[in-house]
Amino acid sequence: MNNKTIVILGGGVGGIVVANELRHKLPHEHKVVLVEKNTEHAFAPSFLWLMTGDRKADKITKPIRTLVRSGVEVIHAEVTGIDIPNRRITTTTQPLNFDYLIVALGAELAPELIPGLTASAFSFYTFEETKRLQQALDKFGGGNIALVVSALPYKCPGAPHEAAMLVADYFRRRGLKDNVNVHLYTPEPQPMPVAGPQLGEAVKHMLTSKGIVFHPLHKLISVDSQNHTLSFDGKELTRYDMLIAIPPHRGPQIVRDAGLTNEAGWVPVDRSTLKTKYENVYAIGDITAISIPGRWKPDVPMMLPKAGVFAHVQAEIVAHRIVDEVNDIVPKAEFCGAGYCMLEAGEDLAGFAFGDFFAEPSPRLELRNIGRAWHLGKVLFEQWWLSPFGIKKRILHAAITFGAKVLKIPVSV
Ligand SMILES: Cc1cc2nc3c(=O)[nH]c(=O)nc-3n(C[C@H](O)[C@H](O)[C@H](O)COP(=O)(O)OP(=O)(O)OC[C@H]3O[C@@H](n4cnc5c(N)ncnc54)[C@H](O)[C@@H]3O)c2cc1C
């Protein structure tokens, strides 16, 4: 057995899980190298609680090294080039050769693609932006809040709906419910179209019960920050007092330059094995393009949503497959498209959607009744994710897997 070097690009959700799984299962003569530009990891699902002041900033970030098993070589550097024919990566600190490559660089945010957006919008899609938004919400005395999904695809299909409900709840708690109107605009025809019409109706009902006005089929063209107006394709100008936007997403430039992407800028992979078109090169998480059964417009095929839950399971599958290959065993692990989402609704309540995204003829999902247990499940997951390796992590892991078994839900941690 030759010693192998497995290089993982990106130490976010997918990168951290795949590095830990590989290190756990492979003898130490094989190298597991994780390249990540940031030294701190910020847990994105908690940005929603940071936005409403329910989390302190220092409670939702952790040094990446504490989240990674010892024996994983962590290189804090920016990846600057991917040379697949020569099996070589360039970074801002050193070049690296690989036998196996896992691309887990996530999605890049590109607010500059919509004129006026950068100058006028707050966002809860990055840690720094969310801190800024929290302060702005704190000072906001009343008026129309426009929460806008500015382009498709975007990560976490539940996030805009959760954010709208949490913002509405935040002003209810501050006694300003009657002064603030929350409007949610999206180019989609319904909430979470990938989940089907029934689940979409249920989410719409959750929104309206909180007084949120839902505006489907609104494609943002530009923002006039001086006059506080939004221009949507084919609609009248819309006034806002505060704009909160999910910026356009795109695949990182270096991945597009490496010839790994499709025309939309995402990396197509085999949906079961997560292999790219190149031998021993895998991609996982938000950077991938995985088509799934069904269409939400005749000419628009459905794609697997970009979500941490998928990045996490795909990371486990890829680790299994590489370990088997290194050990000369035919790999059998396959990604089966199961996923779930806890949908925060405010007042410490959440809904729970789960199902099979590969089901024919279209994804089959269920929404469990809104309740406190799902909210607590999300908090437990947050605590597990952010705790360093040790006894606390093992206890939380046992609690989550036990809870998932009792509730018969497909959770992988
Ligand atoms: C507000 C919000 C709430 C969310 N809530 C949920 C939720 O409840 N459930 C859920 O399943 N998902 C949720 N998500 C989505 C989830 O966070 C992402 O889908 C997940 O992080 C994707 O994992 P990834 O590994 O593909 O990418 P990421 O976690 O984004 O990791 C990519 C990593 O690559 C690094 N990187 C990028 N370029 C370079 C470079 N050139 N050199 C070195 N490093 C680089 C980045 O710094 C980053 O650490 C949420 C997202 C947001 C924004």
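Helix content alone sets the calculated 222 nm mean residue ellipticity of the chain: runs of n ≥ 4 DSSP H residues at -39500 (n - 2.57) each, divided across all residues, give -9000 deg cm²/dmol. Here's the list of aspartates and glutamates a cross-link from Lys177 could span, going by alpha-carbon distance under 16 Å and ignoring same-chain residues fewer than 8 apart: Asp138, Asp169, Asp241, Glu347.
For the chain, the longest principal axis of the alpha carbon atoms and the long axis of helix 13-25 meet at an angle near 30°. When only the Cβ of Lys, Arg, Asp and Glu is charged (+1, +1, -1, -1), the dipole of the chain relative to its Cα centre reaches about 920 debye. Rolling a 1.4 Å probe over the protein heavy atoms of the chain, with every protein chain left in place, gives an accessible area that is 52 percent carbon and sulfur.
Each Cα pair under 8 Å and six or more residues apart adds its separation to the average, and for segment 309-413 the resulting relative contact order is 20 percent. Result for the chain in a Gaussian network model with C-alpha springs under 10 Å: among Pro197, Pro27, Pro388, the largest mean-square fluctuation is at Pro27.
Accessible area per residue of the chain at 1.4 Å probe, in Å²?
Here the per-residue accessible area is 44 Å².
Could you work out how far the C-alpha centroid of segment 279-333 sits from that of segment 357-413, in angstrom? With segment 279-333 and segment 357-413 each reduced to a Cα centre, they are spaced 20 Å. The distance linking segment 105-119 with segment 206-235 is 17 Å (Cα centroid to Cα centroid, whole angstrom). Relative contact order, whole percent, for the chain stands at 17, derived from Cα pairs under 8 Å and 6 or more residues apart. Overall size of segment 1-79 from C-alpha positions, given as principal axis extents largest first: 53, 24, 16 Å. Charge dipole (Cα centre; +1 on Lys/Arg Cβ, -1 on Asp/Glu Cβ; no other charges) of segment 298-344 amounts to roughly 60 debye. Note on Ile409 and Asp270: the extension gain reaches 47.5 nm, defined as 0.36 nm multiplied by sequence separation minus the Cα-Cα distance. In the structure shown, the pairs Lys4/Lys62; Lys59/Lys131; Lys31/Lys62; Lys4/Lys392; Lys31/Lys393 are assessed against 22 Å; a Cα-Cα span above that value is assigned to Lys4/Lys62; Lys31/Lys62; Lys4/Lys392; Lys31/Lys393. For segment 298-413, the dipole from Cβ point charges (+1 on Lys and Arg, -1 on Asp and Glu) about the Cα centre works out to 520 debye, to the nearest 20. For the chain, the longest principal axis of the alpha carbon atoms and the long axis of helix 391-406 meet at an angle near 70°. Only lysines eight or more places from Lys408 in sequence, or on another chain, were considered; those with a Cα closer than 19 Å are Lys378. Take every pair of alpha-carbon atoms less than 8 Å apart whose residues are at least six positions apart; their mean separation over the length of segment 6-127 yields a relative contact order of 33 percent.
The values are calculated or read from the model by the stated rules, or taken from the named source; none is laboratory data. As the structure is a prediction and not an experimental result, all values here were calculated from the model. Every residue, glycine as well, gets a Cβ built from its backbone with ideal geometry; the counts of neighbours run over all protein chains shown. Side chains are part of the model used for accessible areas, which takes the heavy atoms of the whole protein and leaves out ligands, DNA and RNA. Shrake-Rupley method; radii C 1.70, N 1.55, O 1.52, S 1.80 Å.
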